[in-house]
Amino acid sequence: MRHSESVSERSSRPFRERSGFFLSGPTLLVPVFLCAALGALAPDIDSDSGVQFHVTFGALSIVSGGFVLSSCLASGVPAVESGLHSIGAAAAVWIVAGGVFKRLTNHRGMAHSLPAAFLSGLLVFFAAGRLSYGDSDAFLLGTAVSFGYLVHLVLDEVYAAVDFHGHRIMPSGSLGSALKMSSSSRLATGAVYLGIVVLLFGNVTRLLSLAKAFWEAVR
C-alpha cells in the first residue's frame, strides 16, 4: 500500500502539478503591465474634458488592442488575423464604448468608486478566461487592472486633500469623491453593483477552484 506523500517529496514536485495554481511565467509580464495601465486610466473614462477624454480613450484603445494581440499570438493565431482582431478591439473601445460613456456619464461619477475598481477586475478576469488565458493568469490580470484603478483613485484623493503648489494642506471640494461606494446617479450605481453580482455569480466556480488551488499550494 502506498504511504502518504512526505512534505519533502511534495515540495519537490512542480508547482503546477502540486496545486493547479500556476502562472505562465515571464510571458505574462506584458499583459499584466498593459492591464495595470488600463486600470490606471479607466476612472477617467467619464471625463467631461474633451482633451482628457480623447487621451484616455485613445490610450484605452491602444492597450485593449495590445491585450487582444498578445492573447491571439499566444494562442497561435496567424499574425495577420491577430492584427485584425487587435484593430477591431481598439476600434470597438474607441467608437462604441467611448460613445456610450461620453453620452451617459458625468465626471467623478460612479466610475470614480471602489465598486467600479472591483468591477473592472471582474470584467478582465471574465474576458481573459475567454481569450485562452488560464484561470490563474486571468485572476492576475484582473488583479492588475483593479490595482491600477485603485492607484488612480487614491492619487485623486491625495491631490484633492493636499495643495502641492503651496505649503498648506487645503482640501478641495472633490475630496471624498473618488474612494466612495455609490454616486448621485442611482442608475449608474445600480448598474455597477448589478454587474458585480452577475460576474461573481457567473464566475463563482472558477473563483472557488482558484481559492482551493491556492490553499493547496500554500498549506
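The values are calculated or read from the model by the stated rules, or taken from the named source; none is laboratory data. Since the model is a prediction, treat every value here as computed from it, not as a measurement. Here the Cβ positions follow ideal geometry from the backbone for every residue, glycine too, while neighbour counts run over all protein chains shown.
Gly129 meets the conditions (1) surrounded by 17 or more Cβ atoms within 10 Å (Cβ to Cβ); (2) within 17 Å of Ile45 (Cα to Cα) in every case but one. The failed one is (2). For the stretch 31-57, enumerate the residues that are at pLDDT 80 or above and touching a helix residue (DSSP H, G or I) at 6+ places or on another chain (Cβ under 6 Å). Once the filter is applied, which keeps residues that are at pLDDT 80 or above and touching a helix residue (DSSP H, G or I) at 6+ places or on another chain (Cβ under 6 Å), the stretch 31-57 yields Pro31, Val32, Leu34, Cys35, Ala36, Ala37, Leu38, Gly39, Ala40, Leu41, Ala42, Pro43.
Residues in the stretch 175-216 that are surrounded by fewer than 15 Cβ atoms within 10 Å (Cβ to Cβ) and touching a Ser or Thr at 6+ places or on another chain (Cβ under 8 Å): Met181, Glu216.
Taking the stretch 71-101 as the range and being buried (at least 16 other Cβ atoms within 10 Å of the Cβ), closer than 22 Å to Leu41 by Cβ and in contact with a Phe, Trp or Tyr (Cβ under 9 Å, 6 or more places away or on another chain) as the test, the residues that pass are Ser71, Ser86, Ala89, Val93, Trp94, Gly98, Phe101. Every condition in (1) at pLDDT below 90; (2) under 18 Å from the mean Cα position of the chain (by Cα) is met by Gly121 except one, and the failing one is (1). The residues on offer are Leu28, Leu60, and the sole one that is at pLDDT 80 or above and in a helix (DSSP H, G or I) is Leu28.
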